[in-house]
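Notes follow the structure.
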Amino acid sequence: MMDGISITFADGEVMSFAPTPGGSVLTSAEQAGNALAHSCREGTCRTCVARRPNGDEVLLCVEPAQSGFEAVVPYRRADVSPPTLRRANINSFQKLSRSVWEIRYRLQFPLPFLPGQFVEATFPGIDGPRRFSMANGPAEAEQILHVRDIPGGAMADYLATRAKPQDAFTVRGPFGIFYLRANPKPKLFVAGGTGLAPIIAMLRGIDRLSSPPLSLVLGFADEQDAYGIDQLKVLANDYRSRS
Amino acid sequence: MTADTANPGWSGKTGNPVAGIGHVTGVPLQEGTEAYLCGPPGMVGAARKALRELGLHQDDIFNEEFVHQTLPA
Ligand SMILES: Cc1cc2nc3c(=O)[nH]c(=O)nc-3n(C[C@H](O)[C@H](O)[C@H](O)COP(=O)(O)OP(=O)(O)OC[C@H]3O[C@@H](n4cnc5c(N)ncnc54)[C@H](O)[C@@H]3O)c2cc1C
Ligand code: FES
C-alpha cells in the first residue's frame, strides 16, 4: 500500500492502513482494526511516540493522517494489549517516606501487564482517573502502587483522610511502552522519586531473562523522601545469587 | 545514590540522579547498553541527553515521564 500509512514495529513487522480523512494516525489505525500503543490521546503522555524516517519524533495521537506517512514505533505489535477495566480492593496502604504512599490491592480478575506498564486508577470520591505504574512483578497476585504525596493533590487528600482497607476502586490498563525489553543488553535504570515504581516491577520481572548486568541510579529531592532502599538491596542480592 | 549489581553499596547522596550516572561502574556507559529512565520530565530529558552524549543509541533509551494531566472522569 504505497499511498497508505505504514508503521514499522521494533521487530520489523510492518502494518499498513488507509488514512481516515480528518483523523490522526492513531484513529486511522483503529478504524482499520489495528491497535497502536496510546493512553491520553491528546499529546501529553508520549505513549504513542514514533520516529519518522528523517529522525524526528512524532506523537501518533495528534499526527494528522496522510497518505505516504511512515514511522517506526519502539515496541512489538504483540506487546500492545487492548486495555480492560478491572475492579480492585485495597488490602493496605502506608507512607513509605515523607512524600511517598504505597497502596497494596487485589484485583477481582487478573490484569496481565508487562513490567513497567501503568494503569488508570479511579479512587473513591476523586474527579477522574490518575495514572500509576505497577511496582509489583506481573505474576504476583498483590498489586502495588507508589503514589507521590502531592500537597493539595486529590490522592494525598484521599489517602490521608478517607481511605480504608477494602475500599473499592477501578483500574483500566495495561498501558505504556515503558516495559522491560527481553534481551541480554546491559541495562541502566535511572529513577527520580516514585519513578522507581515501574523500575521495581522491571527488576522483579527480570528473572525470566538472560541475567544482563544491571545498574540503578536513584534520586530523591531530600533524604526524607527516599524509599525502597531495603527492598532494592534484597532484589540486588537475589539477582546476584542467581546470575 | 547509585547501586550496581557488580559493585553493590549505596553512596547515600541525595540529589539529581543525572549527576549519579557518571559514577556507574556496573554497566558500560556506551553504545550497546540500554537505559530505562523514569521520573519528572526535566530529569528524564536531562538523563536522556547525557546518555546520548555518552554514545547510547536513541532506540536503546526508554523513558516514562510522570507528567500531570487531568483525565476525563
Ligand atoms: C504514564 C504515567 C505514569 C505515572 N505513574 C506514576 C506513579 O507510578 N507514581 C506517581 O506518584 N505518579 C505517577 N504519575 C504521575 C501521576 O499520574 C500524577 O502526578 C497525578 O496527577 C497524581 O494525582 P494526584 O491526585 O496526586 O494529584 P492531582 O490532584 O491530580 O494534582 C494536584 C496538583 O498537583 C500538580 N501535579 C500533579 N501531578 C504532578 C506531577 N507529576 N508533576 C508536577 N505537578 C503535578 C498539578 O498542578 C495539580 O493541579 C504517572 C504519570 C504518567 C503520565
Ligand atoms: S501523547 Fe498520549 S496517546 Fe499520544
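Could you give the spread of the C-alpha atoms of chain A along their three principal axes, from largest to smallest, in whole angstroms?
55, 46, 35
Taking Cα centroids, how far is the range A:208-238 from the range B:28-67 in Å?
Each part reduced to its Cα centre gives a spacing of 17 Å.
Using only the alpha-carbon atoms, how far is helix A:196-205 inclined from the longest principal axis of chain A? Give it as 0 to 90 degrees, nearest 10.
The angle comes out at about 80 degrees.
Hey, if you drop one equal point scatterer on each alpha-carbon of the range A:5-79 and run the Debye formula without solvent, what base-10 log of I(q)/I(0) do you get at q = 0.16 Å⁻¹?
With one equal scatterer per Cα and no solvent, log10 I(q)/I(0) is -0.47.
At q = 0.11, 0.15, 0.23, 0.28 Å⁻¹, what base-10 log of I(q)/I(0) does the Debye formula yield for the range A:107-178 when every alpha carbon is treated as an equal point scatterer in vacuo?
-0.27, -0.51, -1.14, -1.45
What do you get for trypsin sites (Lys or Arg not before Pro) in the range B:15-67 restricted to DSSP loop and a cutoff of at most 13 other Cβ within 10 Å of the site's Cβ? Numbers along the way, then the final one.
Numbers: sites: B:ARG48, B:LYS49, B:ARG52; in loops: none.
Answer in residue order: no site qualifies.
Here is the link list: A:LYS233/B:LYS49; A:LYS164/A:LYS233; A:LYS187/B:LYS49. Which ones come out longer than 22 Å on Cα distance?
Details: A:LYS233/B:LYS49 28 Å; A:LYS164/A:LYS233 30 Å; A:LYS187/B:LYS49 17 Å.
Long pairs (Cα-Cα over 22 Å): A:LYS233/B:LYS49; A:LYS164/A:LYS233.
Which residues' amide hydrogens lie under 5 Å from the amide hydrogen of A:ASN91, considering only partners 5 or more residues apart or on another chain, with H built in the peptide plane?
For A:ASN91, whose amide H was placed from the backbone, the distant partners under 5 Å are A:ARG104, A:TYR105, A:ARG106, A:GLN166.
When you look at the Cβ of every residue in A:173-186, what mean number of other chain Cβ atoms sits within 10 Å? Intermediate values should be presented prior to the final figure.
Values: counts 0, 0, 0, 1, 3, 7, 3, 3, 4, 0, 2, 0, 7, 10.
If you average over the peptide's residues, the count of other-chain Cβ atoms is 3.
Computed from the coordinates by the stated procedures, all read-outs in this text should not be read as laboratory data. Not measured: the values here are computed from a predicted model. Glycine also receives a Cβ, built like all others from the backbone with ideal geometry; neighbour counts cover every protein chain displayed.
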